[in-house]
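Notes follow the structure.
Computed from the coordinates by the stated procedures, all read-outs in this text should not be read as laboratory data. Since the model is a prediction, treat every value here as computed from it, not as a measurement. Positions of Cβ are backbone-derived with ideal geometry, glycine not excepted, and every protein chain shown enters the neighbour counts.
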Amino acid sequence: MAKKVGFVGLGIMGKPMVRNLMKAGYEVTVCDLVAAAVKEVEKDGAKPARSAKETAEKTEVVITMVPDSKDSEAAILGSGGVLEGSSKGKAVIDMSSIAPGASQKIAAACEKAGVSFLDAPVSGGEPKAIEGTLAIMVGGKQDVFGKWADLFQPMGSATYCGDYGAGNTTKLANQIIVALNIAAVGEALVLAKKAGLDPEVVFNAIKGGLAGSTVLNAKAPMMIAGNFKPGFRIRLHQKDLNNALQTGKEIGVPLPFTALVQQVIGSLVNEGKGDLDHSGIANFLEDMAQCTVSGK
């Protein structure tokens, strides 16, 4: 296995992913625009780099974990980016959730430089990142996936989905299901609460039936407690649904329910709630009904 791994992007997800790689025996060199984030994982044993380019120069493979398409392109293709510090035979694995077309653009540039590329977005939020049990959706050449498959194991379970962009297309499908599911949970619990029921009793009654889901189990307790500490921020889900709607437009797939939830999320962002956990989608429904799930 590759012993020297680079990691660019130390946000909510990146920091625990780095820690799990180090626990598995990898030497990890890190870079982030926020110096405090670098110092935090440096205390855990990571080696700091001054740029994405330097990160690539010192390692065999670089993982990037940044917010959106423009950030991935800047981190990998931009001045002082990963590709400038890479050389033939090295690899770049972008674990950011971005538009499939952006992944394909990055892949083409990497191929031209003789550098392998995989798009490998994740699902599971901060709790799964900490546990090392993320769902990882991988796009790229199958032989490249096979070469680097062991690298994913400390972070979660990886599934090969197809050629370049397939990982991010799969992630968009995931994000549609999650967003609509959260909206449905919020709507149902607001209904229950305004009808005079205890939302926790309703949750316990339905979680073992057909309505049961990972989303219900993770997000209903947060709504009931009124705890919207971010594991995955509303504004990041807004970005993902925007990428889904744009991709749908490009390939001729109407996404009417995705568009509706995107409008709900847009309203919350405009209210200054974009940094809440995406379970905060329930806030929109609470406001319309003038009823708080967590209230007395």
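Ordered by the count of other Cβ atoms within 10 Å of each Cβ, fewest first, K47, K90 give K47, K90. 3J(HN,Hα) along region 77-88, derived from phi through the Karplus expression 6.51 cos²θ - 1.76 cosθ + 1.60 where θ = phi - 60°, amounts to 9, x, 4, x, x, 4, 5, 5, x, 8, 9, 3 Hz, with x in place of Gly and Pro. The residue among A36, H278, I177 whose Cα reaches farthest toward the positive pole of the charge dipole of the chain, with charges on the beta-carbon of Lys, Arg, Asp and Glu, is A36.
Across the chain, the relative contact order, built from alpha-carbon pairs under 8 Å that are at least six residues apart, equals 14 percent. Under a Cβ-Cβ cut-off of 12 Å, what is the net charge of the residues other than M288 that fall near it, where Lys and Arg count +1 and Asp and Glu count -1? After counting each charged neighbour, the total is -2. In the chain, the calculated helix contribution to ellipticity at 222 nm averages -16500 deg cm²/dmol per residue, counting -39,500 (n - 2.57) for every DSSP H run with n ≥ 4.
Here each label is just a point 7 Å from Cα along the line to Cβ, and for Q263 and D143 those points are 5.0 nm apart. Dipole check for the chain: with +1 at the C-beta of Lys and Arg, -1 at the C-beta of Asp and Glu, and the Cα centre as origin, the magnitude is about 300 Debye. Give me the net charge of A99's neighbourhood, meaning all other residues with Cβ under 11 Å from the Cβ of A99; Lys, Arg count +1, Asp, Glu -1. Charge balance in the 11 Å sphere: -1. Couplings 3J(HN,Hα) for region 28-40, derived from phi with the Karplus relation 6.51 cos²θ - 1.76 cosθ + 1.60 (θ = phi - 60°), are 10, 9, 10, 8, 7, 5, 9, 4, 5, 5, 5, 4, 4 Hz, where x marks Gly and Pro.
Note down the nm distance, to one decimal, between modelled labels 7 Å out along Cα→Cβ at C291 and at S213. That separation, rounded to one decimal, is 2.1 nm. A Förster distance of 22 Å, applied to the separation of the beta-carbon atoms of K58 and L33, puts the FRET efficiency at 0.75.
If you place +1 on the Cβ of every Lys and Arg, -1 on the Cβ of every Asp and Glu, and leave all else neutral, what size is the dipole of region 78-237 about its Cα centre, to the nearest 20 Debye?
It comes to approximately 240 debye.
As an exercise, use a Förster radius of 41 Å and the Cβ-Cβ distance of D150 and A74 to find the FRET efficiency, rounded to the nearest 0.05.
It comes out at approximately 0.90.
Based on the Cβ-Cβ distance from E111 to N227, what FRET efficiency comes out when R0 is 51 Å, to the nearest 0.05? According to the calculation, E is roughly 0.70. Counting beta carbons within 10 Å around each of E40, E111 and listing the fewest first gives the order E111, E40. Less than 18 Å from a label point 7 Å out along the Cα-to-Cβ axis of V201: which backbone N atoms in region 259-296 qualify, by residue? Residues passing the 18 Å test: 292-296.
Centre-to-centre, using Cα atoms only, region 231-273 and region 70-133 are separated by 23 Å. Computed over every Cα-Cα pair of region 59-196 and binned at 10 Å starting from 0, the pair-distance distribution P(r) comes out as 12, 40, 29, 10, 6, 2, 0 percent. Each of T247, T64 was scored by other Cβ atoms within 10 Å of its Cβ. Listed from fewest to most, they are T247, T64.
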